[in-house]
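**Student:** My structure is below; once you've seen it, I'll send some questions.
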Amino acid sequence: MSTYTDIAKRIAKIIVSPDAVIGFIHGVLSVPQDLGYLAYGYIDTDSRYNRETERIRLIKAIRFGILQNENFVRTIEIVLNKFNQYMPIEKRDGIYAKMGASVLGRAITNSIISKKIATIIAQRSSLMVALRGGVVGNTLLAGGMAERSIYNSQKLQSTDPEIYYALRERDYDFLYFLVEPALNPFVEALRIRRNQGETAFIQILDLVEKEVKYAR
């Protein structure tokens, strides 16, 4: 597991400059990784029935428009909302100060902040182009990327069930692997909160606030 400082630095970097993670997201569309998951899927006979059931759910989700641009944004937004949900109000303004006065003030909801970050990441990502062009949809239905999507969904269910079920409601758990590089430090912080308690989570928030201030 990453150290508190490492997690805080990555969170602060994304808050200060959301497009800093774009390079990592671009790397998600990786053929070698897809082939690796496809090969593993063939030899993983123990979970074959469950994966076939999940593949049916994935196909239905794609047919019902899960790959529309707004769902990509919404996937990011849901995870960030979960993170912000546990953030004390007094911490929020200090941590999000770098985003500008437009998101500050106690009357501003966490969802506005989350949407702002999610939209910036989404708009500048090549995944949006891939979604519009049908690239992701076609490859999700054909082998390796489908296996990768399903395995990552199952992993999320095991390691971070709160995030999984928040996404699972609209089948966004299948999209999680596409945006995981941007969301990983936030999810790690929430995992620490669940496993180590509120005090540990506040320590991370304190470090995030310091990192954001240093970035000014």
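**Student:** Is it the case that some residue within region 129-147 is acidic (Asp, Glu), part of a helix (DSSP H, G or I) and modelled with pLDDT of 90 or more?
**Tutor:** No, because not a single residue in region 129-147 is acidic (Asp, Glu), part of a helix (DSSP H, G or I) and modelled with pLDDT of 90 or more.
**Student:** Can you run down the residue pairs with Cβ atoms below 7 Å, 6 or more apart or on separate chains, where the first is in region 77-96 and closer than 18 Å to LEU178 by Cβ and the partner is aromatic (Phe, Trp, Tyr) and open to solvent by less than 10 Å² (accessible area, probe 1.4 Å)?
**Tutor:** Listed pairs, sorted by first residue: VAL79/PHE186; LEU80/PHE186.
**Student:** Could you tell me whether region 154-170 includes any residue that is of a type in the set (Val, Ile, Thr) and in contact with a Leu (Cβ under 7 Å, 6 or more places away or on another chain)?
**Tutor:** Within region 154-170, one or more residues are of a type in the set (Val, Ile, Thr) and in contact with a Leu (Cβ under 7 Å, 6 or more places away or on another chain).
The values are calculated or read from the model by the stated rules, or taken from the named source; none is laboratory data. Note that the coordinates shown come from a computational prediction; the quantities given were computed from them, not determined experimentally. Every residue, glycine as well, gets a Cβ built from its backbone with ideal geometry; the counts of neighbours run over all protein chains shown. Protein only, heavy atoms only, side chains kept; ligands, DNA and RNA dropped before computing areas. Shrake-Rupley method; radii C 1.70, N 1.55, O 1.52, S 1.80 Å.
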